[in-house]
Number of protein chains: 2
Amino acid sequence: MTLVMATDTPAERPQPKRSRKERREDSIEQILDAAEYLFSKHGIYGVTLKDVAQRVGVHTSLMHYYFADKQALFVEVFERRATVTRARRIEALDAYERACDGRPTVEGALHAFLDTDLDLYISGGEGWRNWGALGGQLSNTDYGAELMDKHFDPVVMRLIDLLKRAMPDMAEEDIFWGYHFVTGSLLLTLARTGRIDKLSNGLCHSDDFEAVKARMARFMAAGFREFAATSGAKGVEG
Amino acid sequence: MTLVMATDTPAERPQPKRSRKERREDSIEQILDAAEYLFSKHGIYGVTLKDVAQRVGVHTSLMHYYFADKQALFVEVFERRATVTRARRIEALDAYERACDGRPTVEGALHAFLDTDLDLYISGGEGWRNWGALGGQLSNTDYGAELMDKHFDPVVMRLIDLLKRAMPDMAEEDIFWGYHFVTGSLLLTLARTGRIDKLSNGLCHSDDFEAVKARMARFMAAGFREFAATSGAKGVEG
DNA sequence: ATTATCTATAGATCTATAGATAATGC
DNA sequence: ATTATCTATAGATCTATAGATAATGC
C-alpha cells in the first residue's frame with residue numbers, strides 16, 4: 001500500500017514503473033499516514049513537520065510542497081477519513097430507518113450508529129485505528145471540537161431524531177445527556193489508552209473493539225430505558 | 001485568593017504587608033492557576049512558558065525560578081488537585097462501604113465514586129473546572145494516561161471491588177467494560193466542550209455538572225443491570 | 001543578608017521559502 | 001518541459017541559564 005511496504009517485498013516488483021501521478025499520490029498518502037500516527041500519539045502541537053518527514057524518510061521541505069502549512073496537513077489528516085465514516089453512518093441510519101418500519105428502537109438506532117463506526121476500527125487496518133485515537137483526543141480539545149462539530153453534526157442529529165421517535169415521551173434533556181454519555185464512552189474507546197488492560201490485569205484489551213461492539217449499544221440502551229422509567233417525562237403520554 | 005483578585009478590591013487591603021513566604025506562595029499559586037487554565041485549553045505542547053508568564057503578568061524567567069522546567073510545572077499542575085480528589089473519593093467509597101452494611105449496590109457505589117468528584121466541579125470554583133478539563137484531555141493522550149494511572153488506580157480498584165461485590169455473578173470482563181463506559185462519559189463531561197449546547201440548541205449546557213450528577217449514576221447502573229440480565233455470567237449462581 | 005523578580009542572551013528548534021538538482025513525460 | 005525532491009537558509013520562537021536589580025528581613 002505504501003512505498004515502504006513495497007520495498008519490503010522487492011521480488012514482486014522489479015521495476016514498478018509508477019507514473020508521476022501514482023508516485024505523487026503515494027507520497028501524499030505516506031505523509032498523511034505518518035502524520036496521522038504521530039498526531040494521534042502527541043497531538044498537533046506535540047509533532048513537528050520534521051518528525052513527520054523523518055517517519056516517511058523524506059526531507060521536511062517536502063511537507064510544504066504538498067501541504068500549505070502544518071494546520072492544513074492536520075485538517076487533511078482529519079478529513080480524509082471523517083468524510084468516509086460520516087457517509088457510512090448516515091447510510092446505516094437511513095437503512096435502519098427504512099428497515100424498522102416506522103418504529104425505531106433505542107437499541108436499534110444505537111447499533112446502527114455505533115457498530116458501523118466500530119467495524120471500521122475492527123477491519124479497517126491500523127490507519128483507521130490511528131485516526132480513531134486522534135478523534136478521541138480531538139473531541140476533548142478546543143481546536144478539535146470545531147472540526148468534530150463541522151463533520152459529525154448531521155450524523156448526530158440523525159441519531160437524535162431516531163432516539164426521539166423511539167422514546168416520544170422522554171424529556172429532550174435526557175435524550176441529549178444520554179447521547180453525551182454514549183459519545184464519551186465511544187471516544188475513550190477510540191483513544192485506546194491501554195488503561196483497561198492494566199486495571200483488569202490483562203483480562204480486557206483497549207483495542208478489543210469487538211468486545212465494545214458486543215456490549216455498548218445494549219449497555220447504553222438500558223441507560224435510556226432507565227431515564228424513561230424514572231425521569232420527568234415531557235408530560236405527554238404515549 | 002490570588003494577587004490579581006486582591007488587586008480588584010483595593011479598599012480592603014491598603015497595605016497588605018505580606019511576608020515573603022506569603023508572596024512566594026501567592027506567586028506559585030498564580031503560576032499554577034494560569035498554567036492550569038492554558039494547559040486545559042491547548043495541552044502541554046500548545047502552551048509556552050511565555051504564555052503562562054504573560055497571563056500572570058511576570059517575566060518568563062520566573063517560571064524557572066519556581067519550577068525546574070516545563071514538564072515539572074505540568075506535573076505540579078496535575079498533582080496539586082489530583083491528590084485532593086483522590087483522597088476525597090477514597091474516603092467517600094470507604095464511607096459508603098461502612099454505611100451499606102456489607103451489601104453494596106451498583107448505584108450506591110457509582111454515586112460515591114461520581115458524585116464526590118462532580119461536587120468539586122460544581123462548587124470548587126473555576127480552578128477545579130479547569131483542572132477537570134485538563135484531566136479530560138490527558139486521559140485520551142499517551143503522556144497523560146501514565147499520570148492518570150499513577151494517581152487514580154487505587155480509587156478505581158476500590159470502585160471495582162465494590163462493583164464486584166454488588167454483582168458477584170457478573171463476568172469480570174463486563175464489570176471492567178462497564179467501568180470503561182463510565183469513565184469515558186465522565187471524562188467527556190469534564191472536558192466541557194460545549195458540544196451538547198450546540199446539539200441541543202441551548203437546552204443543555206456542558207458545564208451543567210448538576211445535570212450530569214442527577215443522571216449519570218442511574219444511567220450507568222442500568223447498563224450494568226443489563227449485563228447482569230443477558231450476558232454470560234461467571235457460572236456461579238448467587 | 002536573603003529572596004524575588006527582571007534583563008540579556010545562548011543555543012536549540014521550528015516553520016517556511018527560494019532556488020538547485022534529479023527524475024519523468026512528451 | 002514539467003514535476004518531485006533536496007539543499008541552504010531566513011526569521012521567529014522557545015527553553016533555559018547567568019547575572020543584575022529591587023524588595024524584604026534580621
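Bear in mind these aren't lab numbers, they're just calculated from the coordinates by the rules spelled out. Remember, predicted model here, so these are calculated numbers, not experimental data. Here the Cβ is made from the backbone with ideal geometry for all residues, glycine too, and neighbour counts use every protein chain on show.
Observations on the model:
- Derived scalar couplings ³J(HN,Hα) [the range B:37-51; Karplus, 6.51 cos²θ - 1.76 cosθ + 1.60; whole Hz; x for Gly, Pro]: 4, 5, 4, 5, 7, 10, x, 4, 7, x, 10, 9, 5, 5, 3
- Comment: the Cα-to-Cβ extended label point of residue B:168, at 7 Å, lies 4.6 nm from its counterparts in the other copies, nearest first.
- With 22 Å as the limit on Cα-Cα distance, the pairs of A:50/A:198; A:50/B:50; A:150/B:41; A:41/B:150 that go past it are A:50/A:198; A:50/B:50.
- For residue B:150, the point set 7 Å out from Cα toward Cβ sits 3.6 nm from its twins in the other copies, listed from shortest up.
- Cα principal axis extents for the range A:32-82, largest first, Å: 27, 20, 17
- Neighbouring partner chain Cβ atoms per residue of A:187-194, average, 10 Å criterion: 6
- Expressed as a fraction of 2.2 N^0.38 Å, the C-alpha radius of gyration for the range B:115-206 is 1.23.
- Average beta carbon contacts from partner chains per residue of A:131-141, 10 Å cutoff: 5
- In a simple Cβ point-charge model (Lys, Arg +1; Asp, Glu -1; nothing else charged), the range B:58-97 has a dipole of about 140 debye relative to its Cα centre.
- At 7 Å out from Cα toward Cβ: residue B:61 inter-copy label distances (nm, ascending): 3.8
- Per-residue [θ]222 nm for chain B (sum of -39500 (n - 2.57) over DSSP H runs n ≥ 4, rounded to 500): -24500 deg cm²/dmol
- Taking the inverse of the mean reciprocal distance over all distinct Cα pairs, the Kirkwood hydrodynamic radius of the range A:11-128 comes to 16.8 Å.
- Distance between the range B:127-141 and the range A:107-142 - C-alpha centres, whole angstrom: 22 Å
- Inter-chain shielding of B:211-221 (mean C-beta neighbours from other protein chains, 10 Å cut-off): 5
- Relative to the globular-protein estimate of 2.2 N^0.38 Å, the Cα radius of gyration of chain B stands at 1.19.
- Extending 7 Å from the Cα toward the beta-carbon at both residue B:169 and residue B:50 defines two label points whose distance is 6.5 nm.
- Here the Karplus relation 6.51 cos²θ - 1.76 cosθ + 1.60, evaluated at θ = phi - 60°, turns the backbone of the range A:206-216 into coupling constants of 6, 9, 8, 5, 4, 4, 5, 4, 6, 10, 5 Hz, with x for every Gly and Pro.
- Projected-area average for the range A:71-148 over all orientations - Cα convex hull basis, square nanometres: 5.8 nm²
- Length-normalised contact order of the range A:70-139 in % [C-alpha pairs under 8 Å, at least 6 apart]: 34 percent
- Histogram of C-alpha separations across the protein assembly as shown, 20 Å bin width, %: 22, 52, 24, 3, 0
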